[in-house]
Every structure is written in structure tokens, then in C-alpha cells.
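Presented below is the structure to which this report refers.
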Amino acid sequence: MDPTALGDPLPDLAAQDEITVVPLKIEDWLTVIVMALLALITFANVLVRYFTSQSFAWTEEFSVFLMIVLALVAGSASVARNRQIRIEYFADSGSPARQRALARFGALMVFLLFALIAVLSMRLVYDDIRFGETSPGIGVPQWWYTIWLPVLSVAIAGRALGLFVRRGRRA
């Protein structure tokens, strides 16, 4: 059934995106790439298991890493688009000044949270390098995986800071 046959066309979410300094297409393309990698890895593992009764040892470890990256990239996109989870009753009620203040407060709290995660996770990366930690599945250096947590946390914090600034400019 055609969704537009009901009378309400589906909204074009890309057309609703605010203008940002850093293009939102970055998160969109990273999401596509990570999802494609997850699908290809999983499909390859299924085929190998089916035909050989064995599995690639690295697929589970790498898939878990990619799922974490996917969650962080999607989190960055949701913050940039101001579509993170919130209680709409409080966020969208009251005067425009109150709504703006709550939006800025929320963006500031997201910024502080992910800035803190970035700082603390840098210690984790440092420890992984210092102690020579290796991954349990395939034995690669653990920091190859953990370095992305502070990097993506900084990206989310940056998106939250941008949202804070944009919400402050609105009249």
C-alpha cells in the first residue's frame, strides 16, 4: 500500500535537518558503512559455518566493536538533530523561553557527559597501551578498539555543544 494514499505524505527527515557547521552526512555515511560491514561479516560467517562447520574467530569480536561504533555514531546523529530521548511533556510545554532553556540545559548535560566519558576513556586507552593488553578473540592490541570511544565521545560532545549554541541563537 502506498503510504501517501492515506493523505499524509511521509515527512522528508533530511529536509528537516538544521544547518550545522559539520555536515550531518558524516554520521549518515558512517552508519551506512558500519551497517554494511556488519551485514557482510555476519553473512560471510554464516556461509563459512554452513559449508565447513567452522566459524571465523574474529567475526564476533569485530561485530561487537562495530555495534558499539554504530551506537556512538547514531548517538552523535541524534544529538546533532536534537532527536535524543526526552520527556516531551516537559520539553515542549511552557513558554518558548522555557523550552529554549530546557533544550540548552539538555544539550549542556550531554556535552558534559560525553566530555567526561572522553577524558576517562583516554585513561583506558593509555592503560591498554601501557600494559600491552590484547583482545581476547584474535589477540590484536586492545587499544585498536578502545581508541574509538574517546574519539566518538568527543564527536558527540561537539555535536551537543553545537546544539547548545544553535538553541541559544533561536529567538
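The values are calculated or read from the model by the stated rules, or taken from the named source; none is laboratory data. Everything numeric in this text was worked out from a predicted model, so none of it was measured. All Cβ positions, even for glycine, are placed from backbone atoms using ideal geometry, and neighbour counts span all protein chains on display. Heads up: the accessible areas ignore ligands, DNA and RNA and are worked out on the full protein's heavy atoms, side chains in. Shrake-Rupley method; radii C 1.70, N 1.55, O 1.52, S 1.80 Å.
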Practice problem: Report, by chain and number, residues whose modeled amide H sits under 5 Å from the one on Thr134, excluding near sequence neighbours (fewer than 5 apart, same chain). | Solution: Gln142
Self-check item: Cα-based Rg of region 17-70 normalised by 2.2 N^0.38 Å, two decimals
Solution: 1.52
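Rolling a 1.4 Å sphere over the protein heavy atoms, what is the accessible area per residue of the chain, to the nearest Å²?
Computed with neighbouring chains in place, this is 67 Å² per residue.
In the chain, carbon and sulfur make up what percent of the accessible area (probe 1.4 Å)?
Values: 8200 of 11490 Å².
Carbon and sulfur atoms account for 71 percent of the accessible area of the chain.
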Quiz item: Dipole of region 102-171 (Lys/Arg Cβ +1, Asp/Glu Cβ -1, origin at the Cα centre): which of Phe111, Ile129, Val151 lies farthest to the positive side?
Solution: Phe111
Practice problem: Principal axes first, then extents: for the Cα atoms of the chain, list largest minus smallest coordinate on each axis, whole Å, largest first. | Solution: 62, 52, 28
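Count the net charge of all other residues whose Cβ sits under 12 Å from the Cβ of Leu161, scoring Lys and Arg as +1 and Asp and Glu as -1.
Local net charge: +4.
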Quiz item: Taking the Cα centre of region 17-80 as origin and charging only Cβ (+1 Lys, Arg; -1 Asp, Glu), how large is the dipole, in debye to the nearest 20?
Solution: 260 debye
Quiz item: Given only helices, namely DSSP H runs of n ≥ 4 each adding -39500 (n - 2.57), what is the per-residue ellipticity at 222 nm of the chain, to the nearest 500 deg cm²/dmol?
Solution: -23000 deg cm²/dmol
Practice problem: Work out the length of the dipole vector of the chain about its Cα centre, built from +1 on the beta-carbon of each Lys and Arg and -1 on the beta-carbon of each Asp and Glu, and round it to the nearest 20 debye. | Solution: 780 debye
